[in-house]
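Below is one structure, written out as structure tokens, with a few remarks after it.
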Amino acid sequence: MTRIFSGIQPSGELHIGNYLGAIRNWITLQQQHTGSLFCVVDYHAITGNYDTDLLRQRRWDMARSLLASGIDPSKAALFMQSDVPEHTELSWIFTTNQPIGDLERQTQFKDKAGTMESIPAGLLMYPVLQAADILLYRADRVPVGEDQVQHLELSRDIARRWNARFGEGFFPEPQPLLTPTRRIMGLDGKAKMSKSLGNTIGLLESDDDIWQKLRPAATDPQRVRKSDPGNPDVCNIFQLHKAFSPEATVAEVDTNCRTAAWGCIDCKKVLHTHMVAELTPIRTRAQLLADEPSRVLDALADGARTARTIAQETMREVKQRMGLDPLKVS
Ligand code: TYM
């Protein structure tokens, strides 16, 4: 049986990069694979300095946004990582057997650690906790964006190493599930869309706020005047059309850009219409959930119960295989 697991940090608002790279796929997959698990990974969000009140707010907002996006608690378990203590328990177990060099080579560690004077050990151990998140549920498929592929490679190494020592075949080797929109660029068109770079469009932003961000967004840099023909292949706005607009519109955009029949603003107006069409129902559901917070809390409580049942069973077997099972009088 295929088991799907994925996670998202509550380190800011849910943005269209997260949505197109991962969340939209979670929503499709929950239909095909009942018993999928989706986690707000709050322990991952405390590896740097943070404000406690803001974290509390963001954990809440993330759960609400995921439900509003279409995670259905009757099909999938949605839960907070910190509600299932077995994540950190299994993470410690993997840490004991993890070469530090492999962790130091992770791109995300190098990027973040490079800007810090004192590096928290949690930042280095982050991908070990990520492996524990996945393997705790013995999940074999992980819908993520492209930036998580290296972490998943490490998760496979961890599973392989533990299996070789304690139980061949016990943990599956989890594979990423990528979408055609696996790497959404920011509105500057230069770097990956990312909460920390401030180049995002939030999933719950108003139509007008979205337009204010789209209007100045980078397009084909060679196209200076409206009369210059453009190259959609190098235009970030065209990539977003492919994600949000119907096929016929994408074809029309392609032609009208190459022939300069449309200027970039015309093209962005059409994109705005299709984006808003997809995002408005999400925003409406998010508002309904804000008015009825018990629905969010109930979904999280149910999700955590389901997750804990699986997690406890995995840990029972892990401990038994490692000589850590409850002692008995012989
Ligand atoms: P996070 O919180 O940064 O991002 C959540 C998901 O969104 C995807 N994503 C993107 N996809 C395409 N284009 C983008 N610009 C973009 N930005 C973000 C990410 O690839 C991810 O799928 N380490 C993880 C969280 C995590 C996790 C896990 C994921 C912890 N444990 C276990 C899967 C399984 C992270 O920081 O994702």
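A few comments on the model shown:
- Protection proxy ranking of 139-151, 183-195 - average other beta-carbon atoms within 10 Å, highest first: 139-151, 183-195
- 22 Å Cα-Cα threshold exceeded, pairs from Lys110/Lys242; Lys75/Lys319; Lys75/Lys242; Lys75/Lys195; Lys112/Lys192; Lys110/Lys190: Lys110/Lys242; Lys75/Lys319; Lys75/Lys242; Lys75/Lys195
- Centre-to-centre, using Cα atoms only, the range 103-167 and the range 39-79 are separated by 20 Å.
- Neighbour-count ranking [beta-carbon atoms within 10 angstrom, fewest first] of Asp228, Asp83, Asp42, Asp208: Asp208, Asp228, Asp83, Asp42
- Residue-averaged [θ]222 nm for the chain, counting only DSSP H segments that reach four residues, each worth -39500 (n - 2.57): -16500 deg cm²/dmol
- Cα point-scatterer Debye curve for the range 174-238, base-10 log of I(q)/I(0) at q = 0.17, 0.22, 0.26, 0.28 Å⁻¹: -0.72, -1.03, -1.19, -1.25
- Extreme residue, positive dipole direction of the range 207-286, given options Trp262, Gln212, Ile237 (C-beta unit charges): Gln212
- Acute angle (nearest 10 degrees) that the helix 86-95 long axis makes with the longest principal axis of the chain, alpha-carbon atoms: 80 degrees
- Of Leu288, Leu271, Leu78, the sequence from fewest to most neighbouring Cβ atoms within 10 angstrom is Leu288, Leu271, Leu78.
- Antiparallel DSSP beta bridges within the chain, percent to nearest 5: 15 percent
- Only aspartates and glutamates eight or more places from Lys226 in sequence, or on another chain, were considered; those with a Cα closer than 19 Å are Glu252, Asp254, Asp266.
- Whole-percent pair-distance distribution, where bins are 5 Å wide, for the alpha carbons of the range 212-320: 2, 11, 15, 14, 9, 7, 7, 8, 8, 8, 6, 3, 2, 0, 0
- Exposure proxy shown here: for Tyr43, Tyr50, Tyr137, the number of other Cβ atoms within 10 Å sets the order, fewest to most, as Tyr50, Tyr43, Tyr137.
- Ellipsoid fit via the Cα gyration tensor, the range 270-330: semi-axes of 46, 16, 5 Å, each the root of five times an eigenvalue, largest first.
- For Lys328, the aspartates and glutamates whose Cα comes closer than 17 Å to its Cα, not counting residues fewer than 8 places off in the same chain, are Glu317.
- For the chain, the Stokes-Einstein estimate of translational diffusion at 4 °C and a viscosity of 1.567 mPa s comes to 61 µm²/s, using the Kirkwood hydrodynamic radius over alpha-carbon pairs.
Any read-out appearing in this document is the output of simple, stated calculations on the displayed coordinates, not a laboratory observation. For clarity, every value in this text was computed on a predicted model and none was experimentally measured. We place every Cβ from the backbone using ideal geometry, glycine too, and count neighbours over all the protein chains shown.
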